[in-house]
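Q: This is the structure I have questions about; it appears just below.
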Amino acid sequence: MVTATALEAELLELAGSVPDPELPVLTLRELGVLRAVHLHGTDAVEVDLTPTYTGCPAIEAMSSDIERVLRAHGMREVTVRTVLTPAWSTDDITSEGRDKLREFGIAPPRVRHDSGPVTLTLGPTRTQDEGSATEPVRCPHCGSAGTELLSRFSSTACKALRRCLDCREPFDHFKEL
Amino acid sequence: MTATGPATVPVTAALALGDDALVLSHRLGEWAGHAPVLEEEVALANIALDLLGQARVLLSLAGDEDELAYLREERAFRNLQLVEQPNGDFAHTIARQLYFSTYQQLLYAELAAGTGPFAPLAAKAVKEVAYHRDHAELWTLRLGDGTETSHERMRLACDALWRFTGEMFQPVEGLDAGLPALEARWLESVTDVLGRAGLTVPEGPRTGAWSAGAGRQGLHTEPFGRMLAEMQHLHRSHPGASW
């Protein structure tokens, strides 16, 4: 017989193995959005999930995927709660998560310890990163550090659109938050 | 969406902040299919999505989010008149973004540092809003310091919206923030951006008798009714519909 805490750990791992609906290459654990699993009795469970962005529409798909997985594991009652505190940050993405993003063609966020956008200066036609003040965003295809920002908002709120100055490929950058 | 927070929520303040986010989100959404370049199409929609997420959390603190968004009459909305102003040309949208996101970033940073009922949402949203302000600042610089036409349009837009900026710092019941100090920092920040963009700070009054207490008291400008009619039409025509 498994103890309550062992079962909780198992449920946490199961919920954490659910793929992100938007970036299926990452699991919810690697994305860092799964906060806790609380078991009540033997078959009722409460899951704390935090959104990446306040308006991220993927949170609803994440909740129903978690519910499905945990019910399939014998849970009768699954409640997914959205928690805002402490606020999610891209620093919560695990290092395996960052590697997977890069392999998937998305430049991972740089690790940061303050909040807010990385400072930019205005170029003649495009915006450019401030020289050496921050670590460069590297092209996920060729690894070049010479890349330029095309738009600070891309296919989803969490990404910016950039282009490599060497291989000329456009790519998404998971921007720091 | 559920959000954790203390049991007592100042409803007036939650509506004020929630309605600001909801109404501006809807206005920005109107750019879909009309933005000048594809990147801006995506940027404005993403900013709108961030604001919609904030609105959902804030309105849920005050009551049922759908009922509040879709079933209130114009006079029950507590948003600033600034955010309900029509998009106008791209310069008007950018001027509105600059004025509002600068205010929102300062306000949310203060709320996030406190322990009040808005602290959890503010701590999350302030990081998103920093990107909105950055976006508005860069476009203000590019348009103000661009061609003769872009400079002139940006100047006209900043002037036209200036009279709606005083309202942001009028007291709101239940909103625990040092508004006079925020106003001083807002003016400093906007003056700095306009200066670097080669624009002058508009001269007219920032509020006046014409505003009659303004949006925070439920008094709105004429274009708001039309916006609301469009926003609420589907929900009112098909109550409880889902897809």
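Q: With the structure loaded, tell me whether A:Thr94 is surrounded by fewer than 20 Cβ atoms within 10 Å (Cβ to Cβ), in contact with a helix residue (DSSP H, G or I) (Cβ under 6 Å, 6 or more places away or on another chain) and either farther than 30 Å from B:Ala48 by Cβ or modelled with pLDDT of 90 or more (or both) or whether it fails that test.
A: yes
Q: Still on this structure: Please determine whether any residue of the stretch B:181-196 is touching a helix residue (DSSP H, G or I) at 6+ places or on another chain (Cβ under 7 Å) and assigned to a loop (DSSP other than H, G, I, E, B).
A: For the stretch B:181-196, residues touching a helix residue (DSSP H, G or I) at 6+ places or on another chain (Cβ under 7 Å) and assigned to a loop (DSSP other than H, G, I, E, B): absent.
Q: Now for a separate question. When only residues in the stretch A:120-138 that are part of a strand (DSSP E or B) and hydrophobic (A, V, I, L, M, F, W, C) count, which is modelled with the highest pLDDT?
A: Only one residue tops the list, namely A:Leu120.
Q: Cβ-Cβ under 6 Å, sequence separation 6+ or interchain: first residue in the stretch B:66-78 and buried (at least 21 other Cβ atoms within 10 Å of the Cβ), partner among the charged types (D, E, K, R). Which pairs?
A: These pairs meet every condition: B:Phe77/B:Asp19; B:Arg78/B:Asp19; B:Arg78/B:Arg216.
Q: Let me ask something else. In this structure, does B:Tyr99 turn out to be out of contact with any strand residue (DSSP E or B) (no Cβ under 9 Å at 6 or more places or on another chain) and crowded, with 18+ Cβ neighbours inside 10 Å?
A: Yes; evaluated as a whole, the condition is true for this residue.
Q: Just checking, does the stretch B:24-39 include any residue being assigned to a helix (DSSP H, G or I), surrounded by fewer than 19 Cβ atoms within 10 Å (Cβ to Cβ), within 12 Å of chain A (Cβ to nearest Cβ) and of a type outside the set (Gly, Ala, Ser)?
A: Yes: the stretch B:24-39 contains one or more residues that are assigned to a helix (DSSP H, G or I), surrounded by fewer than 19 Cβ atoms within 10 Å (Cβ to Cβ), within 12 Å of chain A (Cβ to nearest Cβ) and of a type outside the set (Gly, Ala, Ser).
Q: Give the residues of the stretch A:48-69 that are small (Gly, Ala, Ser) and assigned to a loop (DSSP other than H, G, I, E, B), sorted by residue number.
A: Selection gives A:Gly55 alone.
Q: While we're here: Taking the stretch A:139-172, which residues are buried (at least 20 other Cβ atoms within 10 Å of the Cβ) and either at pLDDT below 90 or more than 13 Å from chain B (Cβ to nearest Cβ) (or both)?
A: A:Cys139, A:Pro140, A:Thr147, A:Ser151, A:Arg152, A:Phe153, A:Ser154, A:Ala157, A:Cys158, A:Cys164, A:Phe171
Q: Now for a different question. Restricting to the stretch B:124-161, and then to whatever is surrounded by fewer than 20 Cβ atoms within 10 Å (Cβ to Cβ) and within 25 Å of B:Leu17 (Cβ to Cβ), can you tell me which residue is farthest from the other protein chains (Cβ to nearest Cβ)?
A: Result: B:Ala160.
Q: Moving to a separate point now. Among A:Leu49, A:Leu34, which is among the hydrophobic types (A, V, I, L, M, F, W, C), touching a Ser or Thr at 6+ places or on another chain (Cβ under 7 Å) and within 20 Å of B:Gly53 (Cα to Cα)?
A: A:Leu49
Q: In the stretch B:109-123, which residue that is within 11 Å of chain A (Cβ to nearest Cβ) and part of a helix (DSSP H, G or I) is farthest from B:Leu59 (Cα to Cα)?
A: B:Ala109
Q: Considering only residues that are part of a loop (DSSP other than H, G, I, E, B) and within 14 Å of chain B (Cβ to nearest Cβ), which ones fall in the stretch A:72-104?
A: Scanning the stretch A:72-104 gives A:Val83, A:Leu84, A:Thr85, A:Pro86, A:Ala87, A:Trp88, A:Ser89.
Per-residue answers, yes or no, for (1) outside the structural domain of A:Thr156 (by TED's automatic domain parsing); (2) more than 13 Å from the chain's Cα centre (by Cα); (3) within 30 Å of B:Ala112 (Cβ to Cβ):
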site	(1), (2), (3)
A:Val25	yes, no, no
A:Gly32	yes, no, yes
A:Val45	yes, yes, no
A:Thr50	yes, no, yes
A:Gly55	yes, yes, yes
A:Ala58	yes, no, yes
A:Ser63	yes, yes, yes
A:Ala72	yes, yes, no
A:Lys100	no, no, no
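The values are calculated or read from the model by the stated rules, or taken from the named source; none is laboratory data. Predicted model only: the values in this text are computed from it and were never measured. Note that we place each Cβ from the backbone using ideal geometry, even for glycine, and neighbour counts take in every protein chain shown.
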